[in-house]
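Only one structure is covered here, and it is reproduced in the block below.
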Amino acid sequence: MRRLFLALLASLPGFTGAATPRPPADLLITNGRVLTMNATREVIADGCIVIRGERILAVGPAALAAQYAPARTIDARGGIVMPGMVNAHTHLAMTVFRGLGDDVPDRLRRFIFPLERNFVDRAVVRDGTLLGLLELIEGGVTTFADMYYFEDEVARVTRQAGLRAVLGQTIVNFPAPDSPEPYGGLALARQFIAAYRDDPLITPAFAPHAPYTVDPRHLRLVAEASAELGAPVLIHLAEMTEEMTSIRRDHQMTPVEFLDSVGLLNRRLVAAHCIFVSESDQALLQAREVGIAHALVANLKSAKGVAPALRMFEQGLRVGLATDGPMSGNTLDLIGQLGYVAKVHKLDRKDRNVMPAATVVEMATLGGARALHLEDRIGSLEAGKLADVVIVDTSSTALQPLYDPYSALVYAASPRDVRTTIVHGRILMEDRVVRTLDAEAIKARLRELGARIQTTLAGGLR
């Protein structure tokens, strides 16, 4: 009988007489509602993600898990498994000034620049950045773009935390905290780019502050250096009414046209804000493949206006979402921005059907990847892409019952619902415990720094 059974088994197609060994995997994520954010926005109700090394090996239904031999399995417990979010423009170290200069006019010149002049040094940038990194990890942001001073220090602690980033060394027309000479940031940027150009997590960049704080000659020098080194450029653009007025007066152009005239408007550029952009400006931004960081909440708080981000997204421009710095928008979590992005653009259009929740989630993930020109590597959960994955717990009261995961993320979720954050295949946070940073020590240092700043402020800023 046994011989007959073996003979029948041997006659089956594919039978080899021995069990086929399962291919190894470093990490499996199972039992999750997977939002792939791929070209068809495929949602897998009971899905599985297979990770080997720094890359996604496979994405599919629950049965996929049985095909691999994992070193580790994470049970998503029915939560939302999604690509890590991308914060396309911020200034992390400004967490040290969070809450200062709110609700006052001319905040940039009356508060931000004087605060930086009085307090910013390498140690302050380190501690402020660490707090910002902690907030990003806890909020499910896995990639960010940053412009600030001592950007090599930002890069050092970002690698320690394990996040992915495009980091721009600030270049400005006055003495800065890391450079006693105006425009000294240009030489610092070259050094920074040379040091980090092959780093798997850090993309170093030039960061001329804005068209109104960098003269045409130095903007051209940045454009030439960017082309020479193949390095990105981060800049504030079309953000202020006085910027529009001064550039029109001095150059008879819009800020977008002006940047084009100096050679900066190209695929290496990421432009933050773009509030005051005409249809012809938008066409130029699209033709040049410029990335756009839409920082809606920070712009609302400063009463600058609503950028035409919805129209630009509809037209196929590279629009991602951003918080701006924590002195502008006060928080660094993108989940808290999602509902504003949906609702404000509905109000702006007077149409409740526009900016549906799935589109907002796309802007926060694949849209941000496109804005940073990284969409071939991150932004969606697909085989071959880098393993930047977030698990959102859906057990909270505010998420019951859960019919539509996109709607839940945009209109009901909070950053505290993020349970697990993975970057480059490495678990940075699991079950709300950050593994790569000492959260309590970081917060304690910031409390001490805040007390010192408050004491100094009582005596008046210089």
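The values are calculated or read from the model by the stated rules, or taken from the named source; none is laboratory data. All values derive from a computational prediction rather than experimental measurement. FYI the Cβ positions are ideal-geometry reconstructions off the backbone, even for glycines, and counts take in every protein chain you see.
When the test is whether a residue is buried (at least 24 other Cβ atoms within 10 Å of the Cβ), touching a Gly at 6+ places or on another chain (Cβ under 7 Å) and outside the structural domain of residue 240 (by TED's automatic domain parsing), residue 76 passes it. In segment 196-207, the residues that are within 18 Å of residue 133 (Cα to Cα) form Cβ pairs under 9 Å with partners that are among the hydroxyl-bearing types (Ser, Thr, Tyr) and modelled with pLDDT of 95 or more, at six or more places apart or across chains, as follows: 201/158; 202/158; 202/196; 203/196; 204/196.
Of all residues being more than 26 Å from residue 109 (Cα to Cα) and buried (at least 20 other Cβ atoms within 10 Å of the Cβ) in segment 225-259, which is farthest from the chain's Cα centre (by Cα)? Just the residue, please.
226
Restricting 370, 416 to those that are basic (Lys, Arg) and either surrounded by 17 or more Cβ atoms within 10 Å (Cβ to Cβ) or farther than 24 Å from residue 357 by Cα (or both) reduces the list to 370.
Note on segment 282-303: residues that are surrounded by fewer than 20 Cβ atoms within 10 Å (Cβ to Cβ) and either in contact with a Lys or Arg (Cβ under 6 Å, 6 or more places away or on another chain) or charged (D, E, K, R) (or both) amount to 3. No other residue among 109, 159, 122, 126 is among the charged types (D, E, K, R), at pLDDT below 95 and surrounded by fewer than 24 Cβ atoms within 10 Å (Cβ to Cβ) apart from 109.
Filtered by the rule that a residue be of a type in the set (S, T, N, Q) and either surrounded by fewer than 16 Cβ atoms within 10 Å (Cβ to Cβ) or on the phi > 0 side of the Ramachandran plot (or both), segment 304-324 gives a lone residue, 315.
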